[in-house]
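Peer 1: Sharing a structure below in structure tokens format, with a few things to ask.
What follows draws every value from the coordinates through simple rules; no lab data is involved. Every value quoted in this text rests on a predicted model; they were computed, and no experiment measured them. Virtual Cβ from ideal backbone geometry, glycine too; neighbours counted across all protein chains shown.
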Amino acid sequence: MIVLTVLVGAALLAQTPLHFEREKIGNVTYEAASVFDVNNDGKLDIVWGEYWFEGPAFQAAHKIGAYMPVDDYFDDFSDYPMDVNGDGYQDVVTGGFWGLILRWRENPKGRDIEWPMHDVAKVGNIERNCFYDIDKDGVMEVFPVTSPVYIFKLKRDAQGKGTGAFEQFTINAKGGAGGHGFGCGDINGDGHDDLLFSGGWLESPANPYDVEHWTWHKEWDLGSASVPILVFDVNKDGLNDIIVGMAHGYGLNWHEQQKTGDARSWVKHEIDPGRSQYHDLQLVDIDNDGQVELLTGKRYRAHAFHDPGSKDPVGVYYFKIQDGQFKRFTIDYGPADRASGVGIYFWVTDIDANGWKDIVAPGKEGLYLFRNFGPAK
């Protein structure tokens, strides 16, 4: 009887739109943000480009340090928290398209001074950094989305603490790996996470650092694909599919993996063809029903106003996924002076500890916090 009640409750919850309240935190045009406890006071803070905003009110802004401006961009395309030097404080891993360098900013132990910048390696134009635990040791590796394809593994001491340095691996990516579009997940079901690109995927060897033995499969052409491309069994048939947004055009799609013997093929299904610049995507249980939803939105002025749909309204959306179908729920929608998209690198976490995951949405329209209060009444 108790189990039945829980199942019915979850089913009803899944059909009920969520209630979000929007707060504008800042007006600068940084497109990446993250959430973590900057000063180790037990409260979550928001990091956004050159500032961190002190939680829980997010009114007090503290300067981290400047990033290179280029036209209407800043050279900061990720703000990932990682204790790089092992001092017990989360630092920020960053990098951008024009600077060509993977970097990390050192947290000065929460003090209100500028954060020192450290270069890791010159890697080329970074579309964005992605972070996956490719070797399954509990610590994320860094993947700057560049060509060639790199893995950066944090060097740790005997106690497992970061040492302030990374080990660099350059994958011998025969074929068309690299460029716009990137993802990580197990395509062929062998238990190893593969790497995905706009033009195909790299099959991982048993040891992902065996850089000469990744195998290229040119099985699709996704165009200007999102970062990330998501790996997920959409139709629950035991084969992982992919979900991809058109980062610089119209469309959000999923591609169904089909197999006949050893032959693999992909069938495209449209999710949302009428909206553009789906650049960043996440799978997260936003409505607490035990199933992940697709959470995404429009990146505003990705290439200034040169992309198809650039001047369309921006928006933030989540999609319920059931039986291969996607149902869209709108969190925010409207012109960029009154609404938000999700930029190039948005963050999802329960920022106010009310049991519901919230959304921190950066972009050229400013920085917004969407507080999740559960089902709308």
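Peer 1: In terms of the Cα gyration tensor, with a ≥ b ≥ c the square roots of its eigenvalues, is region 220-361 rounded because a/c is under 1.5, prolate because a/b exceeds b/c, or oblate?
Peer 2: Here region 220-361 falls in the oblate category.
Peer 1: Each residue of region 247-264 in order: what ³J(HN,Hα) in whole Hz does its phi give by Karplus 6.51 cos²θ - 1.76 cosθ + 1.60, θ = phi - 60°, with x for Gly and Pro?
Peer 2: 5, 9, x, 8, x, 9, 9, 10, 10, 7, 7, 10, 10, 10, x, 8, 7, 10
Peer 1: List the relative contact order of the chain as a percent without decimals, with contacts defined as Cα pairs under 8 Å and 6+ residues apart. List each step's numbers first, then the result.
Peer 2: Numbers: 1033 pairs, mean separation 56.3, N = 377.
Averaging sequence separation for qualifying contacts and normalising by length gives 15 percent for the chain.
Peer 1: OK, next. Computed from the coordinates I sent, Cα extents along the principal axes in Å equals one of (1) 58, 56, 50; (2) 76, 48, 39; (3) 61, 52, 41. Tell me the label.
Peer 2: (1)
Peer 1: Let's see if you can work this out: charge +1 on each Lys and Arg Cβ, -1 on each Asp and Glu Cβ, no other charges. What is the dipole magnitude of the chain about its Cα centre, in debye to the nearest 20? Please list the in-between numbers first.
Peer 2: Details: 34 positive and 57 negative charges, 144 e Å.
The calculated dipole for the chain is roughly 700 debye.
Peer 1: Within 10 Å of each candidate Cβ there may be at most 16 other Cβ atoms; applying that plus a DSSP loop requirement, which trypsin sites (Lys or Arg not before Pro) in region 140-171 survive?
Peer 2: On the way: sites: K153, K155, R156, K161; in loops: K161.
Of the trypsin sites (Lys or Arg not before Pro), the ones in loops of region 140-171 whose Cβ has at most 16 other Cβ atoms within 10 Å are K161.
Peer 1: Given springs between every Cα pair under 10 Å in a Gaussian network model of the chain, which of E293, E50, E23 has the largest fluctuation?
Peer 2: Of E293, E50, E23, the Gaussian network model singles out E23 as fluctuating most.
Peer 1: With the cut-off at 1.5 for a/c, could you classify region 171-232 from its C-alpha gyration tensor as rounded, prolate or oblate?
Peer 2: Details: a/c = 1.93, a/b = 1.35, b/c = 1.43.
Oblate, because a/c is 1.5 or more while a/b does not exceed b/c.
Peer 1: Does region 203-264 classify as rounded, prolate or oblate by the C-alpha gyration tensor (a ≥ b ≥ c root eigenvalues; a/c under 1.5 gives rounded; else a/b over b/c gives prolate, otherwise oblate)?
Peer 2: Oblate, since a/c reaches 1.5 and b/c is not below a/b.
Peer 1: Determine the dipole magnitude for region 89-155: charges of +1 sit on the beta-carbon of Lys and Arg, -1 on that of Asp and Glu, nothing else is charged, the reference point is the Cα centre, and the result goes in debye to the nearest 20. Working shown, then result.
Peer 2: Values: 9 positive and 10 negative charges, 19 e Å.
With only Lys, Arg, Asp and Glu charged at Cβ, the dipole is about 100 debye.
Peer 1: Once you charge only the Cβ atoms, +1 for Lys and Arg and -1 for Asp and Glu, what is the size of the charge dipole of region 221-355 about its Cα centre, to the nearest 20 debye? Don't skip to the end; give the middle numbers.
Peer 2: Values: 13 positive and 20 negative charges, 97 e Å.
The calculation lands at about 460 debye.
Peer 1: Most fluctuating residue of E167, E106, E31 in a GNM of the chain with Cα springs under 10 Å: which is it?
Peer 2: E167
Peer 1: Here's a follow-up. Output wanted: per-residue J couplings in Hz (rounded whole) for region 74-82, from phi through Karplus 6.51 cos²θ - 1.76 cosθ + 1.60, θ = phi - 60°, x for Gly and Pro.
Peer 2: For region 74-82, the Karplus curve yields 10, 7, 9, 10, 6, 10, 7, x, 7 Hz.
Peer 1: Add -39500 (n - 2.57) for each DSSP H run of 4 or more in the chain, then divide by its residues: what number comes out at 222 nm, to the nearest 500 deg cm²/dmol?
Peer 2: Details: 1 runs with 13 residues, N = 377.
Calculated mean residue ellipticity at 222 nm is -1000 deg cm²/dmol.
Peer 1: Explain nothing, just compute: Karplus ³J(HN,Hα) = 6.51 cos²θ - 1.76 cosθ + 1.60, θ = phi - 60°, for every residue of region 27-32 in order, whole Hz, x for Gly and Pro.
Peer 2: 10, 6, 9, 5, 10, 10
Peer 1: Out of I243, N253, V314, whose Cα points farthest toward the positive end of the dipole of region 193-315 (charges: +1 Lys, Arg; -1 Asp, Glu; placed on Cβ)?
Peer 2: V314
Peer 1: Under a GNM of the chain (C-alpha, springs under 10 Å), which listed residue has the highest mean-square fluctuation: A158, A353, A302?
Peer 2: A158
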